[in-house]
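S.K.: Structure provided below as structure tokens; questions to follow.
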Amino acid sequence: MYYYDRVFSSEKEKYDFVNECDRQFFSKIESAADDIADDKNIRFILLAGPTCSGKTSATNVLTKTLIKDGKKVVSVSIDDFFKDSAHLKNTDGKVDFESINAIDYELFCKCTESLKKGNATSIPIFDFVKGMRNGERVLDPDDNTIIIFEGIQAVYPEITSLFHEESKKIFISVNTDITAYGQSFSKRRLRFSRRLVRDFLFRGASPELTFKLWDGVVENEDVNIMPYADDADIKLNSFVPYEVNVLAPFVKKILGDMPKDSKYSHLAENILQRYKNIPEISHEYVPQGSFFREFIGEEK
């Protein structure tokens, strides 16, 4: 349990605190990348973690560091292999983005095999707003290229079984329960807040939809993700203390605007009470390029 009740005496102190937290987080990923670059046998990185753990940003930092270490790097989001949303609805009408059945596994295997042979390979691009694939891109690796496969599915046995000794498995997640300003936030609750904000801002998802999908997300994590976390070669904790401060105004706005007669209003009110007295830190203090921009967006 991490106890956090920091009081800030100035805006500069908030700014410095955010930047120091980011520096410490980035240093962990850079160290992992340096170790991978030193292993000449590694051609693939499987970067997995539960929803909103920071996989995309960790991929970006790994990429930059590996390039600095003399490697060529290309990344593949396994999400781009999702089937169209219309084909992913369960019997209760929920869209299943979590299980292995959500991706076009046959196409994924075909593309993976092509990349392992060093061939130029067309990779699909998935549009979350439209809920369907929308274009493709070509990857053309050579012998000095490391390919990063990123996504919650990167820990699934169906995916890891396609790679052997030439791969390195990284698992990233929020791995800290906290008590902040007298309110408890489990590591899963922290990730829910990240997802609530990210999906509202960038995936066209209402807070009601995030609540509706969450039980399925948690169930899938418990069955298909967390049991394989210990198999990872490298584990990264993506918790940063400032996140409750930065997310507070977003959470208050999104949940505060929910209809009062929503079936999820009691859940929203519970979360709002937890954020009620959290001192806010402006999202503008989060550096451009910070991993946390994955959840709140880049400044324009």
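S.K.: Which net charge results for the neighbourhood of residue 237, defined as the other residues with beta-carbon distances under 10 angstrom from its beta-carbon, given Lys and Arg at +1 and Asp and Glu at -1? Walk me through the intermediate numbers first.
M.R.: Values: positive: 28, 187, 235; negative: none.
The answer is +3.
S.K.: Right, another one. Under a 10 Å cutoff between Cα atoms, tell me which one of 162, 247, 236 has the largest fluctuation in the Gaussian network model of the chain.
M.R.: Top of the fluctuation ranking is 162.
S.K.: I want to check the label-to-label distance for residue 2 and residue 64. Put each point 7 Å from Cα in the C-beta direction and report it in nm to one decimal.
M.R.: Placing both labels 7 Å along Cα→Cβ, they lie 2.0 nm apart.
S.K.: Could you tell me which of the pairs 130/253; 40/117; 55/253; 83/110; 83/117 are separated by over 20 angstrom between their Cα atoms in the structure shown? Don't skip to the answer; put the middle values down first.
M.R.: Values: 130/253 25 Å; 40/117 17 Å; 55/253 26 Å; 83/110 15 Å; 83/117 25 Å.
Pairs exceeding the cut-off: 130/253; 55/253; 83/117.
S.K.: Follow-up. Count charges around residue 173 for me, please; just the other residues with Cβ under 11 Å from its Cβ, Lys/Arg as +1, Asp/Glu as -1. Mind dumping the intermediate values first?
M.R.: Working: positive: 55, 187, 188, 191, 235; negative: 221.
Net charge in that neighbourhood comes out at +4.
S.K.: Could you size up the charge dipole of the range 2-296 around its Cα centre, putting +1 on the beta carbon of Lys and Arg and -1 on that of Asp and Glu, and report it in debye to the nearest 20? Before the final figure, lay out the partial values.
M.R.: Values: 40 positive and 47 negative charges, 141 e Å.
Roughly 680 debye for the range 2-296.
S.K.: Relative contact order of the range 2-296: what whole-number percent is it, with Cα pairs under 8 angstrom and at least 6 residues apart? Before the final figure, lay out the partial values.
M.R.: Values: 448 pairs, mean separation 77.6, N = 295.
Over the range 2-296, the number comes to 26 percent.
S.K.: Top mean-square fluctuation among 48, 33, 58, Gaussian network model of the chain, C-alpha springs under 10 Å?
M.R.: So, out of 48, 33, 58, the one fluctuating most is 33.
S.K.: Kindly put 138, 218 in sequence by how many other C-beta atoms sit within 10 Å of each C-beta, fewest to most. It would help to have the intermediate numbers written out before the result.
M.R.: Working: 138 8, 218 17.
Neighbour counts put them in this order, fewest first: 138, 218.
S.K.: A further question on this structure: Could you put 36, 125, 234, 29 in order, starting from the residue whose Cβ has the fewest other Cβ atoms within 10 Å?
M.R.: Numbers: 36 21, 125 12, 234 18, 29 24.
Sorted ascending by nearby Cβ count, the order is 125, 234, 36, 29.
S.K.: Here's another thing I want to ask about it. Given points 7 Å out from each Cα along the Cα-Cβ axis, report the residue 74 to residue 122 separation in nanometres with one decimal.
M.R.: Inter-label distance under the simple model: 1.4 nm.
S.K.: Given 135, 259, 190, which one lies farthest toward the positive end of the charge dipole of the range 2-296, if we put +1 on the Cβ of every Lys and Arg and -1 on the Cβ of every Asp and Glu?
M.R.: 259
S.K.: Would you look at the GNM of the chain, springs on alpha carbons closer than 10 Å, and say which of 110, 64, 83 moves the most?
M.R.: 110
S.K.: Treat the count of other C-beta atoms within 10 Å as a stand-in for reagent exposure and order 173, 186 from fewest to most.
M.R.: Working: 173 25, 186 13.
With the fewest neighbours first, 173, 186 line up as 186, 173.
S.K.: What is the range 129-257 by shape, rounded, prolate or oblate, if you read a ≥ b ≥ c off the alpha carbon gyration tensor as root eigenvalues and call it rounded for a/c under 1.5, prolate for a/b larger than b/c, and oblate otherwise?
M.R.: Judged from the Cα gyration tensor, the range 129-257 comes out prolate (a/c at least 1.5, a/b above b/c).
S.K.: A follow-up question, please. Any idea how far apart residue 165 and residue 177 come out in nm if each label point goes 7 Å out from Cα toward Cβ?
M.R.: 4.1
S.K.: Can you tally the net charge around residue 123? Count Lys and Arg as +1, Asp and Glu as -1, for every other residue whose Cβ sits under 12 Å from the Cβ of residue 123.
M.R.: Values: positive: 110, 133, 137; negative: 79, 80, 104, 136, 140.
Its environment carries a net charge of -2.
S.K.: Let me ask something else. At a Förster distance of 35 Å, what's the computed FRET efficiency of residue 201 paired with residue 237, Cβ-Cβ distance as r, to 0.05?
M.R.: Numbers: r = 24 Å, r/R0 = 0.69.
Result of the calculation: an efficiency of 0.90.
S.K.: Which listed residue (205, 174, 145) has the Cα farthest towards the positive end of the charge dipole for the range 144-213, taking +1 on Lys and Arg C-beta and -1 on Asp and Glu C-beta about the Cα centre?
M.R.: Working it through, the farthest residue towards the positive pole turns out to be 205.
S.K.: How high is the FRET efficiency from residue 39 to residue 230, r the C-beta distance, R0 22 Å, rounded to 0.05? Spell out each step's value before the answer.
M.R.: On the way: r = 21 Å, r/R0 = 0.94.
Once rounded, the FRET efficiency stands at 0.60.
Quick note: the coordinates plus some simple rules give every number you see, no bench work behind them. None of the values given here were measured: they were computed from a predicted structure. Virtual Cβ from ideal backbone geometry, glycine too; neighbours counted across all protein chains shown.
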